1. Any idea how far the Cα center of segment 1024-1058 sits from the one of segment 1154-1221, in Å?
2. Convert each backbone phi in segment 416-429 into a coupling constant with the Karplus relation 6.51 cos²θ - 1.76 cosθ + 1.60 (shift: θ = phi - 60°), then list the ³J(HN,Hα) values in order as whole Hz, x for Gly and Pro.
3. 5 Å is the cut-off here: which amide hydrogens, built 1.01 Å from N in the peptide plane, fall below it relative to Ile300, excluding neighbours closer than 5 in sequence?
4. First obtain the Kirkwood hydrodynamic radius of segment 294-348 from its Cα pairs, then insert it into the Stokes-Einstein equation at 10 °C and 1.306 mPa s, and state the resulting D in µm² per second as a whole number.
5. Could you state, as a whole-number percent, how many of the C-alpha pairs of segment 1129-1206 are farther apart than 19 Å?
6. Sorting His945, His200 by accessible area (1.4 Å probe), largest first, what list results?
7. Would you mind computing Rg(Cα) / (2.2 N^0.38 Å) for segment 1281-1410, counting N as its residues?
8. Quick query: amide H of Leu573 versus all other amide H atoms, modeled in the peptide plane; which residues come in under 5 Å with a sequence gap of 5 or more or a different chain?
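The values are calculated or read from the model by the stated rules, or taken from the named source; none is laboratory data. Since this is a predicted model, take the numbers as computed values, not measurements. Cβ sites come from the backbone with ideal geometry, for glycine too, and all protein chains shown count toward neighbours. The accessibility values were calculated without ligands, DNA or RNA, using every heavy atom of the protein model including side chains. Shrake-Rupley method; radii C 1.70, N 1.55, O 1.52, S 1.80 Å.
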Amino acid sequence: MGDLRWWLFSIVVFLFCKGCVAQIRYSISEEQKDGAVVGNIAKDLGIDPRILRERGFRIVSSGESLFLVNQNDGVLHVNGKIDREEVCDRSSVCLINLKLVLDNPLEIHYIAVEILDINDHTPDFVEKVKKLEISESALPGARFQLQPAQDADAGTNSVQQYKLSQNEHFRIEVKDRAAQGKIPFIVLQKQLDRESIPKHKLIITASDGGKPPKTGTMEISVDVLDINDNSPVFTKDAYSASLNENAPIGTTVMRVNATDLDNGPNAEVFYAFSNDFNSKFRELFDIDAITGDIIVKGPIDFEDSEVYEIDIQASDKGLVPLTTGKSVLIKIVDINDNAPEIEVTSFSSAVPEDARIGTTVALISVNDLDSGINGKVVCSLPEDLPFKLTPSLQDNVYSLVTKSPLDRENTFQYDITLRAKDEGRPSLTSEKTITVLVSDVNDNSPEFPVSSYTFYVKENNVPGEPVFSVSASDRDTGDNALVTYQICRDCGDNPFVSSLNINPENGKVYALKSFDFENMKTFHFHVLATDAGSPSLTSNATINVFILDENDNAPKILFPVNSNGSAEGVEELPRNVNPGHLVTKVRAYDADVGYNGWLLFSLQEVTDHTLFGLDRYTGQIRTMRSFTETDESEHKLIIIVKDNGNISLSATATVGVKVVEPKEAFAASDNKSVAQGEDENGVTFYLIITLGAVSVLFLVSIIVLVVMQCSKPKDYSSKYLQDAAYDGTLCHSIQYRSGDKRYMLVGPRMSIGSTIVPGSNANTLVIPDRRRRASVEVSTSVRIMNMEQRGHPSWLKTLQWLVLCFVFLFRRGCLGQIRYSISEETEDGAVVGNIAKDLGVDVRTMKERQFRIVSSSSESPFRVNENNGVLHVDGKIDREQVCERSSVCLINLKTVLENPLEIHYVEVEIIDINDHAPAFLESEKRLEITESAQRGARFQLQPAHDPDGGINSVQLYKLSDNDHFRLEVKDRGKDSKIPILVLQKPLDRESSPAYKLVLTAIDGGKPPKSGTVNIIVDVLDVNDNAPLFTEDVYTVTLEENAPIGTTVIQVNASDVDEGLNGEVIYSFGNGVNRKLLELFDLNPVSGEMTVKGHIDFEENDIYEVDIQASDKATSPLTTDKTVTIKIVDINDNTPEIEVTSFSRAIQEDSRPGTTVALISVTDLDSGVNGKVFCSIKDDLPFKLMPSLKHNMYALVTSSLLDREAVSQYDVPLTAIDSGNPPLSSMKTITVMVSDVNDNSPEFSLNPYTFYVAENNVPGEPMFSITASDRDANENAIIRYQICRQCEEESKYTSFLNINAENGEVYALKSFDYETVKTFQFHVLASDDGKPPRESNVTVQVYVLDQNDNTPVILYPVSSNGSYEGTEELARNVNAGHFVTKVRAYDRDVGYNGWLLYSMHEMTDHTLFGLERYTGQIRTLRAFTETDESEHKLVILVKDNGNISLSATATLTIKLVEPKEAFAASDVQGPASTGEENDVTFYLIITLGSVSALFIISIIVLIVMQCSKSPDYGSKYLQDTNYDGTLCHSIQYRSGDKRYMLVGPRMSIGSTIAAGSNANTLMLPDRRRPSGEVRSFLTQPTLSHYVWIGFSM
């Protein structure tokens, strides 16, 4: 019904009010002053000006409006300065649409204001200076697009024409692009030359069509890009230099320099050797590619070459580099730089050691490549060798011969250094070492390392297994040193030899039966060692064998033994014997010796372990205590006796002990007690005197022993101890055997008669072996005396020289040189010549004199017949292989005859034949020549190689017929002829990309031979062609809203150039609008144009895009093309919703129908696509009221609002057009509901309950109370107050206060739990609304207890109030007796009042105990006579609070005697008697121990005095047959400790250290402290020693 009324009202308004909706258009020029009149809207619309203000006449706009309307008269004014270019950009017509609204009733009017343009802007270029880069290869007609000038004005006021400054190379063209304006192009009309003018500066002027016209200019800077059209040019026509041979590597020979007129990389010149540069020259010289310095790279030798002609080329770094060649002549200056060369021919690899003096060893010749005095050489060798050099008649030829006897055993090899020195200045020297081996002769017998061996063999060995081994060495080698062994069975009467056998090869000795130490302890025999020489030599050695004892005998019991032979016996013992009484002694023995025979006794089984004790070492059984009446009368003891072997053996004995009663045991027990006490007192006195005397004697003996040790003569130590400041690290000795010598390692002192071993750093002595008489060392040497030493006169030596001179003068065959010639490829065995005949040598003596060819090389191409002296070819000879490219091929041979020595030199010339054709290194040669190469350019080729020499080498080159190239030949002497290709006609790659030529090389042989190489010339491209598009015009249509990536069109251009010059890339033109770049993208490779941004027909319906195609050359060429794109319109615009809000917030008590906002809907599409329907959701308290104007609505309330339920409404507006398919849009407006004070404050709880600890700090907050109000802003601001007149509990509110803003409650004094435990009060909360609203709440407070009271002691309490008391307690009470109870209480509650009791202080902790929780005190044990009679106890009582409080009570306990306490005082006498007996017993033991130590020290002193003898070796080597392990000890000091290493035996009186496995002794320190050990033992391995230290 409401909607019907609304529609009826609208129809009436539409019929009777024509002015409700209208539209007016005004025009105004830009730049008008602020407030200028545009027009009278009220007059033009026919509206009464008097109602304008009442009806709210206004302009509504989403942004800031450029105009304002006067509500008094309806005149429209300019609101600020208007700039047309800012408002409408570059639109041809600039319209501003205004929307005016009147309320009650609603009217909307649209006003269009046109802004007219004035010429207020000059044309402006984006860049003031435009830089263009144009290649000098660009052809006339090339076009280059420029950025157009920008003029913010429109129409005729925009840019109309362009002008270019006067120049001869460029002109300007203008292309009209409609919306994009006029686009300028500069066109090349004359080709550029960078070398003439590298840069051109132009001025382009843009003029608009205003009156007067305005102009703008831009400077164009054209940089001419270089192309590689100039070759490098050397600064000199010829380069030559001189260089000393042996110039150091890195020496600069000379510097070449070339320049290039091009720019950039095209002008950067680098240098290199030419392609055909000799590989050997590359090893000698190098060139710096940047500087052109030619430097020495390898050794320069004048003898190799006197002059070098090197081809160098300079190239630029262009993509197609251009090259220029130049020859450099280097002359080598000769210096004396060749050291003599020694050539050695060895006659024999080994010389027998019995060779005679004068035996020839080697033939030596010395050669020096230098000439004159620099080639004269003197040869020598060291004087201390048994060799000498004998000069030959020919200069610089020597023979190496022996000059004294040789002995291989002394020196088996001689490294002889031959030294050759020339006479140049400075002189040069060379050395060569030859190795002469001395072969062996059997002249040495086998030698045992010692003449007498000593071995230790354990008894019970396994028969047939080796027990030890002997070895002998022979100084000879080979068979002469091969030693075999045998036992000498006829050397003496030795029955044990039959039970031994020996391995003849390795000397291992086998026992055929087991040894028994108890039957045989030692024996000896002899072993023979024989070598395999011819004749053989023999030696022998004595073998001493000592049998070592094994633990193979069990102990045997001697006592007790009964009649049947078992180890059992019975002993009777009076019951009244004292402790320590000897019951009996078990006796036993063991047939073994040492540890194996050392017996230990132990009790295996005993009836009562407290009665009897067994001495571990003596076997004595003694009583350990007195017998009592309860002890049994019969006891059984089982004693086990075992030895100390590694695997101990044992035996057992059984002893029965019967306890009997003495006859007078009870008669005079009292008298004996008294007498025994007196006797024991006397014995104790005498024992003390004896113990003191023995101790004094023992100390005196120890002091004497120390003095004797320290007062040894110093001559012995100073003789061998070279360092007087030695710190005594090692002391005593280690002895061991090595061969026939015995060694002793000593520390600070050494024994007399020892010899220091060389190389032992004065710590190793050789002790002479006194078991054999002497050792004789025989050395025999034969000395060969010369003539003068033998007594021959000197005239014989003169005669010898005269004979040599005679031979030299009258016999030409002694030394000569012959030359033969032979053609190469001669058959094997062909005759070269008769050397014997030509030299005049007797053929019959040639074989006897060992006529032969000697050569330092491995093989000689010739051989000589010893029978007739004819020289033959030995194998096929290839001149090119032997002499390579030498002009004359000579082979030098050296022939030798002996007895007397003759040396002859033979030269054989190998004559070349034409057996090789010229050959090129490559069958096909490719050259790369740029098409820009100039006429006359030269390109050097690799020459052909012909191994033949002379006329048979390459003589002529020919080139196949062609139009572009000719051939030139350059003669290089040794480097033969070099072919050079010369360009005589320019190349064009597009016409012919490659040329094929044939180069022929011909030699001078008859008939001539030839070789060819195919030359392929690849013409390298230069960028001389611009890309060309395949179509003249590109036009395409494109739908708007095309997806991004949609292909618009693909353009294509081609370039006939090659490589990078022919690769085309695409890009947009320089003048393309920035907006076009946001819409379209262009693939630079494929030329495909794709959509990049949003295409909108409404913005633009056609686009003209400039595209350019460029190649990838360094100086690229470019071609432009325009693509026209026409946009096809589709229905692509959704409706647009515009909202004008009347109020940002509406009160929650507003009436239904209140206007909220004004809404208009527009659609850019036309027709049915622009018809729009608007709607909102039905569940909102709002509705849309349509207006009479199409697509206009008003948003009004439809029901009451409640802010507390919904404070904000998001109203979605939906607009749908009528297109197919329809498009829709949505817009959400937010309507805020403002608050009204309609809610009271609310507390979160009612009532509140709080717990507060007592003793709180006054004035600090205890708790807080909060309330909330559903209203907002000041309606929700709450204030708190305490209601002090609400109830009776108001007496507690006097010491409370509350913070009115946050509700925090404060106490003005502290609470006491013991006084008040709980209370309550009320709090009021009120808001700030108008009128205000309030509410209240009850608050209950509970006070919590704190530990603030200390415990109070109730008992004990003294009369003066202190916590002290006294208790009396009988001394005879039992353990656990209740003494008293401490009582206390605490005013606090809970844990704070829970009390615990503990002992804080007490006299005796073992007497009394305190119950932790009850405070009861009880006795822990019975009292004794030694306990004090008064005890003080301090008891601590504390509570269990977090910080506990405590109190203490003091209790004194006095012990009192009961009536029967003094009845048994007489029983103390026997106890004191027992104590005196114990003292006597310990004094006896101490006296015995000191006496034993005294006796031992006296014995040691006597033994040391008696053991001094001249044989000092025996002092350190106890066992004469010791096998070299380590014996006795090493002592050393480390800090305050001394250590001793011991072997299998220990000295008397030493003490075994715990855990030392019986190998480490602890000795008392008899010397002053010394430092740490400074050296380590490096001789025999200390594998069975343990280091144990003890403190001083």
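1. Segment 1024-1058 and segment 1154-1221 have Cα centres spaced 49 Å from each other.
2. The phi angles translate into 9, 9, 8, 10, 10, 9, 8, 9, x, 10, x, 6, 10, 10 Hz.
3. Correct list: Asn246, Ala247.
4. Working: Rh = 15.5 Å.
Answer from the Stokes-Einstein relation: 103 µm²/s.
5. So the pairs more than 19 Å apart make up 45 percent of the total in segment 1129-1206.
6. His945, His200
7. Details: Rg = 27.1 Å, N = 130, 2.2 N^0.38 = 14.0 Å.
The reported ratio for this selection is 1.94.
8. Amide H to amide H, under 5 Å and 5 or more residues apart or across chains, Leu573 pairs with Lys658, Val659, Val660.
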